[in-house]
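Quick note: the coordinates plus some simple rules give every number you see, no bench work behind them. What you see is a predicted model; the values in this text were computed from it and never measured. Cβ sites come from the backbone with ideal geometry, for glycine too, and all protein chains shown count toward neighbours.
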Amino acid sequence: MLYAEVVNATEIASKITGVEVDGTKRTMLHTTSRDSGGREIMTMVESVPLAPRATIRIAPGGIHGMIEGLPATLHRGDSVRVTFHLATGSVSAFARVADYADVDSLTSPRKR
């Protein structure tokens, strides 16, 4: 899974059109919802709107990145380059590799 915050610091609306994680097969954007029976459903999305001066949380229970082909050589504490493709260009940053058990503490708004 890929979790992050994407900030549009401009006055121009954009959208996230894709994401890449170096060394992986592919990364897809999904959204999480619940069906009428309360089961969690993940649905792939083509893009995510990014309003001017807005922040999008890519986090558990909402929009998130699904990574396929994650290299076995990545370990907790390593960094990996993540590139977000936007309608207005692309931006890269390094993300820290974490254990899934640590996700709640790392993505909680009050812990950032």
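FRET efficiency for the pair Asp99 and Thr10, taken as 1/(1 + (r/R0)^6) with r the Cβ-Cβ distance and R0 = 30 Å, rounds to 0.30. Adding -39500 (n - 2.57) for every DSSP H run of four residues or longer, then dividing by how many residues the chain holds, sets the calculated 222 nm ellipticity at -1000 deg cm²/dmol. Taking amide H as placed 1.01 Å from N in the peptide plane, Leu86 has its amide H under 5 Å from the amide H of Thr17, Val91, each at least 5 places away in sequence or on another chain. For segment 21-26, backbone phi angles converted through the Karplus equation (6.51, -1.76, 1.60; θ = phi - 60°) give residue-by-residue couplings of 10, 3, x, 9, 5, 6 Hz, Gly and Pro being listed as x.
When the alpha carbon coordinates of the chain are projected onto the principal axes, the ranges are 38, 38, 31 Å, largest first. Basic side chains Lys and Arg get +1 at the Cβ, acidic Asp and Glu get -1 at the Cβ, and with that the dipole of segment 1-102 about its Cα centre reaches some 80 debye.
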